[in-house]
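Chemist: Input: one structure, supplied below.
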Amino acid sequence: MPPGTEVLLPQLKEQFDQAYARAQQNQQSIYKALLPKGMALERAFAKAGGLLVAGTDPTGSGGVIPGFSNQRQIELLVEAGFTPLEAISIATLNGATYLGRERTIGSIAVGKQADLMIVNGDPSTTIADIRKVETVFRQGIGFDPAKLIQSVTGRVGLW
């Protein structure tokens, strides 16, 4: 079960929970075969010199929740064989590089713009620490992630 589903509207959470339960029961799911192949393809693409970027899009199923899904994507990159630092770079600097904005965003350096998060741990060695967010900085203002999550709990999915 992906983390963060508590933020969904109750009816969306219920629909997602039911769909997730059905998917878990399907031992013949094509996704069980496709996920490892997709991971290997990403790894081979990057190893061959391709610029792999990260990003998540809503799927309509309710399981791609902003913030939580981005963390999961970084974890999946590590599961695919990237080091934690490579995965973090794919999710940050590579996107900036693709957009031609690596001089101003995508990494932490004097003179660059950066939204940051402070974690209790070291995700460069233990990628699971990426979920231990203590403070989120956006345009220089620090936010409590627990309060942010609480403010949207049961509301994600509203149009």
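The values are calculated or read from the model by the stated rules, or taken from the named source; none is laboratory data. This structure is a prediction, so every number in the text was calculated from the model and none was measured. For neighbour counting, all protein chains shown are included, and Cβ atoms are generated from backbone atoms with ideal geometry for every residue, glycine included. Keep in mind that these areas ignore ligands, DNA and RNA; they rest on the heavy atoms of the full protein, side chains included. Shrake-Rupley method; radii C 1.70, N 1.55, O 1.52, S 1.80 Å.
Chemist: Condition first: in contact with a Pro (Cβ under 8 Å, 6 or more places away or on another chain) and over 30 Å from residue 11 (Cβ atoms). Can you find one or more residues in the range 143-154 that meet it? Walk me through how you get there before you give the answer.
Modeler: The first filter runs over the range 143-154 and keeps only residues in contact with a Pro (Cβ under 8 Å, 6 or more places away or on another chain), leaving 154.
Filter again for over 30 Å from residue 11 (Cβ atoms), leaving none.
No, that holds for no residue.
Chemist: For the range 114-142, give me the residue count where each residue is among the hydrophobic types (A, V, I, L, M, F, W, C), surrounded by 13 or more Cβ atoms within 10 Å (Cβ to Cβ) and under 21 Å from residue 72 (Cβ atoms).
Modeler: Residues flagged as among the hydrophobic types (A, V, I, L, M, F, W, C), surrounded by 13 or more Cβ atoms within 10 Å (Cβ to Cβ) and under 21 Å from residue 72 (Cβ atoms) within the range 114-142 amount to 6.
Chemist: Any residue in the range 95-113 that is at pLDDT 95 or above, open to solvent by less than 60 Å² (accessible area, probe 1.4 Å) and either under 26 Å from residue 8 (Cα atoms) or in contact with a Pro (Cβ under 7 Å, 6 or more places away or on another chain) (or both)?
Modeler: No, the range 95-113 contains no residue that is at pLDDT 95 or above, open to solvent by less than 60 Å² (accessible area, probe 1.4 Å) and either under 26 Å from residue 8 (Cα atoms) or in contact with a Pro (Cβ under 7 Å, 6 or more places away or on another chain) (or both).
Rundown of residues vs (1) touching a Phe, Trp or Tyr at 6+ places or on another chain (Cβ under 7 Å); (2) modelled with pLDDT of 95 or more, yes/no style:
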| site | (1), (2) |
| --- | --- |
| 3 | yes, no |
| 23 | no, no |
| 52 | yes, yes |
| 61 | yes, no |
| 70 | no, no |
| 74 | no, yes |
| 83 | no, yes |
| 92 | no, yes |
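Residues are listed down the side, and each one gets a yes or a no for (1) within 21 Å of residue 140 (Cβ to Cβ); (2) in contact with a helix residue (DSSP H, G or I) (Cβ under 6 Å, 6 or more places away or on another chain):
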| residue | (1), (2) |
| --- | --- |
| 54 | no, yes |
| 67 | yes, no |
| 71 | no, yes |
| 74 | no, yes |
| 77 | no, yes |
| 87 | no, yes |
| 100 | no, no |
| 106 | yes, yes |
| 109 | yes, no |
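Chemist: For the range 53-159, list the strands (runs of 3 or more DSSP E) that sit wholly inside it and hold at least 1 residues that are closer than 30 Å to residue 17 by Cα, without any contact (Cβ under 8 Å) to a residue 12 or more places away in the chain and of a type in the set (Ser, Thr, Tyr); which are they?
Modeler: Values: elements: 116-119, 133-138, 141-143.
In the range 53-159, no matching strands (runs of 3 or more DSSP E) lie anywhere.
Chemist: Going through 13, 47, 37 one at a time, which residue ends up being modelled with pLDDT of 90 or more, of a type in the set (Lys, Arg) and farther than 28 Å from residue 95 by Cα?
Modeler: Details: 47 fails: farther than 28 Å from residue 95 by Cα; 37 fails: farther than 28 Å from residue 95 by Cα.
The conditions single out 13.
Chemist: Separate question: Given the conditions (1) within 19 Å of residue 91 (Cβ to Cβ); (2) among the hydrophobic types (A, V, I, L, M, F, W, C); (3) without any contact (Cβ under 8 Å) to a residue 12 or more places away in the chain, which single one is not true for residue 23?
Modeler: (1)
Chemist: So, one more: Going through the range 38-94 one residue at a time, which ones are open to solvent by 40 Å² or more (accessible area, probe 1.4 Å) and among the charged types (D, E, K, R)?
Modeler: 42, 43, 47, 57, 72, 79, 86
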